[in-house]
Amino acid sequence: MEGHPNWRGQPIDWQGLTDVGRGGHRFVRRVASGRMSPIEVRIDGKDFAFRLTPMPKIIIDGKEIECRDKIPVLQAALEAGWDVPHYCYHPGLSVVASCRLCLMEMKMPHPQTKEMGWAPKLFPSCQTPVRDGLEVRFASDKVVENQKECMEYFLLNHPLDCPVCDQAGECYLQDYSLKFGEATSQMVEPKNKNPKKDIGSRTLLYSDRCVMCSRCVRFCDEVAGTGELGIINRGSRAEIDIFPGVPLENELQGNVVDVCPVGSLLDKDFLMDQRVWFLKSADSVCNGCATGCAIHVDHNKNQVWRLKPRFNPGVNDWWMCDEGRFDFKYVEDPNRLTRLTVRRGVEAQPADWSALDEVARLRLGGVVEQKGAGSIACMLSPFMSCEEAWLLATFVRSVDAKATLVMGPVPYEGEDRHFPVNGNGKPPKFTILKEKAPNRRGIEMILEALGGETPKLEDFLAKAGKGAYGAIWFVGGYPKAWVTKEIAAAGEKTGVTLVQDILPSKLTEGADVVIPSCAWVERSGCFVNHQGKIQPFEAAIKPPDGCHRDGNYLLQLTGESGLYNAARVRDRMSASIPAFGELHVAPEPPAHAH
Amino acid sequence: MPASDWKKTDVMNVDQPTLTTAERLYLPQIFGGFKTTLRHMFSVHVRNKKVIQYPEQRRQLRKEIYRGVHRLNRDDQGRVACVACFMCETACPAHCIHIVGEESPWQDREKYPVQFDIDELRCIYCGMCEEACPVDAIELTPEFHLVGRSREEMIFDKEKLLMVYDRTKDEKPRKNPRITGY
């Protein structure tokens, strides 16, 4: 795996870093970003040596830039801020140099005189690796002329149906023809009209909009490893297609839509829903599994329309799985809990949110007074953010210092799936984990830091099933049904139950207090993924009417005033759990890369 | 990255600029306003020329450019000409257009609006939607008698907008757009 693109010096193997500990990670990052420059360091009593090789310097358009070693000139130029048009080059895929849009002029020694001069032919910058002293230029008449001609060529058979194309607004045919193309076409013959093809359960192919960059084909071959897509025919009749009877059905097929620089591959789920320029994007983290893919939550009019992966090296790189991408629909479930209800006597009545503080304190406090310390418990959910879990845990511990804290069930499904499939033992490029919860590690860290009574779930449920606890605060937030027989029995046997969940269940039916919770796109905070990376996410949309953001009421319960601000809570948390002082934030990819 | 550095959302307070003594008197502004009022009161010529005794008298409208109630044009097969590209919704400064697009049931067209609502009360009749439309499907008509008994009635849906077209197509025929569908 390649290193972080913002790292200076040699890319450092991410896999090799797992044994240096969290402090080690931070240190390595500082060394690598050039903020610190020792050659030998000591971490956890061990000596580590970082040999920083000198970075190659290349000259682009007369300007000298420093870049990482062993990357293409195109990548170096993009990272240095140049806007070089390109379709086929993708840093996560192999290089084919087929689009010819990124051609550059390069200085080479004359074959006879050995004198350095501009070579008469153009070179693909995506296929030319950087080396020290290389001199290239993009701002030359030859290069600009090539870009213009290429753009005209790409648009030869293009139907120009931008008004009905979903890609319009984020389409690199639009952007590049505006920046690098010509307004006119010399084509006089009628355009080829290629068919629209239904290639998979989630993907549509409009082959007349295609620029034959073959990114989708390479993605299926190299990352998914399933190789369903291929190029049929040659020359101007070339088309992307599937093999007869073998539809595009891998678990990463949503990514072929992302890698497509034009509107050729479209998402059936998002088809004709929204124009992309209406969408607002929030930086979030997927809550589908413990991988913790960085994502964009694209929303408009308080509705989430699609999820897109965000570049996050070492975690999900450029990709995300279909499960995470499409399984967010439970957010709009019509059955969602939207009313705070409190059982007074036999009947559960809707209550005002201002009453929650008093109700929770009175009911839990009453149990502690009656049955003594250690009689209340709180079941934290691995779908909570660390901040919320910490706020709730500190509240419960403030009511009863001996309260039991336990982590709710962590859902597991099948086995870890590594991609490419049949990878021949090579390190996987993408993994879908069987652990279908985003924050098991975070909750464990909090439980560990708070200490006290933190039993295993089975022991806790066995004890609670016998009615050992006077009151339990259950936290749900699971997208799928989660209340097992044991959990329901624990709820029944317990005198006072407070249930904080998003969907109704057996537990909410019998609960004394039902607190409608929020889905993760409505909350903010941080998740700790399976590698121990603490990744922050922000709220995209407002919770449905009647719900309050979990952070807000939990903050009030702890006696704080004002609105919940995840960063401020994290600051307070880091006083007792120093690990939360440092976040893993995905770096911004170069502005003109795609 | 330190935990508190990610996406800081702290509120910044900005003070209002203070008024000068002359501005705090308000008198110059008051007299300035009276000047305009008095000028209009005493110029009989302007009054007679501008005032029309509606409904006995009617204004002569330039029908090609008058910006009244919207209409949705029909194509040559009588279907709604709109391709649901959302350009008008994007251009609309009053946010009064609401479209829901879907895959069209016709072979020769890709997308069509299943819902097309214009809030005629919210509209400012600027004509931006007409300018933005790539297939000349939305147009403003010379109709200006816009009455309704409720706010809901004034939200014109697709059917109503097509009806306006049927009513006004003789008075103002559809232009012949170069592109009629996608």
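Given C-alpha coordinates of region A:108-242, what is the ratio Rg to Rh with the Kirkwood estimate of Rh?
Details: Rg = 18.7 Å, Rh = 18.0 Å.
My calculation of the ratio gives 1.04.
Taking the Cα atoms of region B:70-168, report the difference between the largest and smallest coordinate on each principal axis, in whole Å and largest first.
40, 27, 22
Quick one: check the C-alpha center-to-center distance for region A:428-468 versus region A:498-529, whole angstrom.
Computed from Cα coordinates, the inter-centre distance equals 16 Å.
What value, in deg cm²/dmol to 500, does the helix sum -39500 (n - 2.57) over DSSP H runs of n ≥ 4 give at 222 nm once divided by the residues of chain A? Don't jump to the answer; show the numbers that get you there.
Values: 15 runs with 140 residues, N = 594.
One gets -6500 deg cm²/dmol as the mean residue ellipticity at 222 nm.
Over the protein assembly as shown, what is the percentage of antiparallel beta bridges among all DSSP beta bridges, to the nearest 5? Don't jump to the answer; show the numbers that get you there.
Working: 67 of 87 bridges.
Taking every DSSP beta bridge within the protein assembly as shown, about 75 percent pair in antiparallel fashion.
Among A:GLY495, A:LEU461, A:GLY551, flag the residue with its Cα farthest along the positive direction of the charge dipole of region A:457-594, charges on Cβ as +1 for Lys/Arg and -1 for Asp/Glu.
Ranked along the dipole, the leading option is A:LEU461.
Using Cβ counts within 10 Å as a stand-in for footprinting exposure, how do A:CYS289, A:CYS150 rank, fewest first? All intermediate terms of the calculation are to be shown ahead of the outcome.
Values: A:CYS289 24, A:CYS150 21.
Listing A:CYS289, A:CYS150 from fewest to most nearby Cβ atoms yields A:CYS150, A:CYS289.
Principal axis extents for region A:246-285, Cα atoms only, whole Å, descending order, please.
36, 25, 18 Å, listed from the longest principal axis down.
Using modelled amide H (1.01 Å from N, peptide plane; none on Pro or chain starts), what sits under 5 Å from the amide H of A:GLY200, excluding residues fewer than 5 places away?
A:LEU248
Express in whole angstrom the spacing between the alpha-carbon centres of region A:65-84 and region A:537-557.
Answer, in whole Å: 42.
Give me the one-decimal Kirkwood hydrodynamic radius in Å for region A:452-532, with the sum taken over alpha-carbon pairs.
On the way: mean 1/r = 0.0728 Å⁻¹.
Every distinct Cα pair counted, the radius reaches 13.7 Å.
What is the distance, in nm, between label points placed 7 Å from the Cα along the Cα-to-Cβ direction at A:GLU492 and at A:TRP118?
Between A:GLU492 and A:TRP118, the simple spin-label model gives 8.4 nm.
Tell me, A:VAL513, B:VAL69, A:VAL144, B:VAL114 in order of fewest to most beta-carbon neighbours within 10 Å? Intermediate results must be reported in sequence, preceding the final value.
Details: A:VAL513 24, B:VAL69 21, A:VAL144 12, B:VAL114 15.
The fewest-first ordering by Cβ neighbours comes to A:VAL144, B:VAL114, B:VAL69, A:VAL513.
Within chain B, what's the longest run with no GluC sites (Glu not before Pro) in a DSSP loop and at most 13 other beta-carbon atoms within 10 Å? Give the range, please.
Values: sites that count: B:GLU56, B:GLU64, B:GLU171.
The segment B:65-170 is the longest one with no such site.
Mind listing the phi-derived Karplus ³J(HN,Hα) values for region A:197-209, rounded to whole Hz, using 6.51, -1.76 and 1.60 with θ = phi - 60°, and x for any glycine or proline?
10, 8, 9, x, 5, 10, 10, 10, 10, 9, 6, 6, 8
Check A:GLU135: other-chain or 5+ apart residues with amide H under 5 Å from its amide H, H built from backbone geometry?
Excluding prolines and chain starts, which carry no amide H, the hits are A:ILE59, A:LYS107.
Please list 3J(HN,Hα) in residue order for region A:137-146, calculated via the Karplus relation 6.51 cos²θ - 1.76 cosθ + 1.60 where θ = phi - 60°; whole Hz, with x for glycine and proline.
Residue by residue, region A:137-146 yields 8, 9, 8, 9, 4, 4, 5, 5, 4, 4 Hz.
At B:LYS49 and A:ARG131, where each label point lies 7 Å from the Cα along Cα→Cβ, what is the point-to-point distance in nanometres?
8.2 nm
Pairing the Cα long axis of helix A:386-399 with the longest principal axis of chain A, what angle in degrees results, from 0 to 90 and rounded to the nearest 10?
It is inclined by approximately 10 degrees.
Per residue of region A:269-286, what does 6.51 cos²θ - 1.76 cosθ + 1.60 with θ = phi - 60° give for ³J(HN,Hα)? Whole Hz please, x for Gly and Pro, Karplus curve as stated.
5, 9, 4, 6, 7, 9, 7, 5, 6, 7, 6, 10, 10, 10, 7, 9, 10, 5
Percentage of Cα-Cα pair distances in the protein assembly as shown greater than 39 Å, rounded to whole percent?
Numbers: 159122 of 300700 pairs.
The share of Cα pairs beyond 39 Å in the protein assembly as shown comes to 53 percent.
Rounded to whole Å and sorted largest first, list the principal axis extents of the Cα atoms in region B:1-113.
Taking max minus min along each principal axis of the Cα atoms, region B:1-113 gives 73, 69, 17 Å.
Using a 10 Å cut-off around each Cβ, can you sort A:ARG344, A:ARG570, A:ARG310, B:ARG174 from fewest to most neighbouring Cβ atoms? Working shown, then result.
Details: A:ARG344 11, A:ARG570 25, A:ARG310 22, B:ARG174 18.
Ascending Cβ contact count within 10 Å gives the list A:ARG344, B:ARG174, A:ARG310, A:ARG570.
Name the long-range amide H neighbours of A:ASP317: under 5 Å, sequence gap of 5 or more, or other chain; modelled H, no Pro or chain starts.
A:ASN312
Return the lysines within reach of B:LYS175: Cα separation strictly under 17 angstrom, same-chain partners fewer than 8 residues apart disregarded; answer none if there are no such residues.
Answer for B:LYS175, where 17 Å is the Cα cut-off: B:LYS63, listed by chain and number.
Looking at A:THR508, A:GLY365, A:SER140, which one has the Cα that reaches farthest to the positive end of the dipole of chain A (charges on Cβ: Lys, Arg +1; Asp, Glu -1)?
About the Cα centre, the residue reaching furthest to the positive side is A:GLY365.
By how many nm would the segment from A:ALA183 to A:ASP273 grow when fully extended, if each residue of separation counts as 0.36 nm and the alpha-carbon distance is taken off?
Numbers: separation 90, 0.36 × 90 = 32.40 nm, distance 2.95 nm.
29.5 nm is the gain from fully extending A:ALA183 to A:ASP273.
Run through every distinct alpha carbon pair of region B:111-176 and return the Kirkwood hydrodynamic radius in angstroms, one decimal place. Mind dumping the intermediate values first?
Numbers: mean 1/r = 0.0770 Å⁻¹.
About 13.0 Å, per the Kirkwood formula over Cα pairs.
Would you mind calculating the relative contact order of chain A from Cα pairs under 8 angstrom and at least 6 residues apart, reporting the percent as a whole number? It would help to have the intermediate numbers written out before the result.
Numbers: 1152 pairs, mean separation 66.8, N = 594.
Across chain A, relative contact order equals 11 percent.
Values quoted throughout were computed directly from the atomic coordinates according to the rules given, and no laboratory measurement underlies them. If you're wondering where the values come from, they're calculated on a predicted model, not measured in any experiment. Positions of Cβ are generated from backbone atoms using ideal geometry, with glycine treated the same way; all protein chains shown enter the neighbour counts.
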